[in-house]
Amino acid sequence: MASRRFPNEPGGFIATGLPSPSPSTVSNVPSLLPQPRTTALRAGGSKETAFINMVDGKLRDISAKFERRYQNDDRPGGLTPVSPGTGYHNAGEIAKDLEQVVDIVWVSGTPSLQIPFFLNIANALLDYVEPFPFAPVATLKLLEKLDICFSSLINREDVQTGTPLPGFENGRRVAMTEKVRLGGIVERTRVAMVRLAGQGDDMAESDGHTTDDLGTEDTETEDTETGGWNGEDHANMDLDLDLDVARVYQRTLADLNDTMDRTFT
């Protein structure tokens, strides 16, 4: 999967029929992202080349594991590999690997690399999660990170801390063509998350796999969430999930809409 060539993405910035997130919503939790470099990588330098090759390699590995993914066969609990080799068993595994790449790209502190790589990851995620039951904890956590990344790059500062980002010293901005492509991805992702969240009972099956994938920091959340869907608090957990899904790309969507307002007024 090429990571720096992108087809044009259709679509506007607002997904019809979905609840509009509040632009004033601000997260009070500690930053989900690692500390980036203080200076961007030099364009054309050996470090930039090595970084591109490393990230491209990781994305190729994820794509290859996806092609070797497992699907349910006709036997109860049975899994049949799509192709030989070790592949992904569930969406939680994919989300975890993509999240690690997001962290690496963020640390680069180089907008000229961050923007195309994040667009690539966000777009690929839509294809990767479709064959599997919805893994809400892992998937929504990844989308939250991407939302913070995109919004921070648009605003040229970490939206959680207010710290100026490296690489924007010379007036660089996220280009309008990049914003248009991002708007299409945001729209399609929000629609896809509503559809996947509506799969109901399949979520518990998927989350049964993702508890280990997310690590110990998410185990308690995962257990609580799974128990909620299958226990007496089912309705409340469904409401919580609906709210989480409605917040997908909330910061980015508000920024893109603000861009359009300023462009055409």
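Taking 20 Å as the cut-off for C-alpha to C-alpha distance, list the pairs among 58/179; 58/96; 65/145 that go past it.
Going by Cα-Cα distance, 58/179; 65/145 fall outside the 20 Å limit.
Please compute the length gained on full extension between residue 64 and residue 82, using 0.36 nm multiplied by the number of residues separating them and subtracting their Cα-Cα distance.
5.3 nm
Please give me, ordered by residue number, the trypsin sites (Lys or Arg not before Pro) of the range 126-177 that lie in loop per DSSP and have at most 15 other Cβ atoms within 10 Å.
Answer by residue number: 172, 173.
So if we plug the beta-carbon distance of residue 170 and residue 258 into 1/(1 + (r/R0)^6) with R0 = 25 Å, what FRET efficiency do we get, rounded to 0.05?
0.60
Give me 189, 259 sorted ascending by neighbouring Cβ count inside 10 Å, so fewest comes first.
Starting with the residue having the fewest Cβ neighbours, the order is 259, 189.
Beta carbons within 10 angstrom, averaged per residue: use that to sort the peptides 31-38, 101-108, 238-245, 86-93, highest first.
86-93, 101-108, 238-245, 31-38
Please identify which residues in the range 110-147 have an amide N closer than 20 Å to a label point set 7 Å out from the Cα of residue 56, following the Cα→Cβ vector.
In the range 110-147, the label zone of residue 56 (backbone N under 20 Å from the point 7 Å along Cα→Cβ) covers 110-125.
Order these by the 10 Å Cβ neighbour count, fewest first: 99, 169.
Exposure proxy ranking, most exposed first: 169, 99.
FYI, it's all coordinate maths here, none of it is from the lab. Given the structure is predicted, the values throughout are model-derived calculations rather than measurements. Please note: Cβ atoms are built from the backbone with ideal geometry, for glycine as well, and neighbour counts cover all protein chains shown.
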